Amino acid sequence: MNLVRAFKEHPESVGETYTEHLVAALGFAATMMRAAICCIVHAFVPCLFTNTGSRAVKKLSKRMDRGHSPPATITTEQQTVSQHY
């Protein structure tokens, strides 16, 4: 595998350019680093940052689902079922 292809394969697999993927990945990293620092502080002072880690995980999960999932196709049957819940 050539070097250019190695850098482009994964970003293309999630529908991004290399630069778009770089920015998105750095955004994820920054969120995780902030959450990690808050979790470390929380370990020593439990009354601080009681929900920060879980909020960060939920936020990143939503971003990943939204940004890296192919568009869902919903059948009429699924729409009918979802209306009942």
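Given contacts defined as C-alpha pairs under 8 Å and at least six residues apart, what's the relative contact order of the stretch 3-69, whole-number percent? Spell out each step's value before the answer.
Numbers: 30 pairs, mean separation 19.0, N = 67.
Reported as a whole number, the value is 28 percent.
With only the Cα atoms considered, the stretch 3-69 has a convex hull volume of 76 Å³ per residue.
No value in this document is a laboratory result; all are computed from the given coordinates. Just so you know, these numbers come straight off a predicted model, no measurement behind them.
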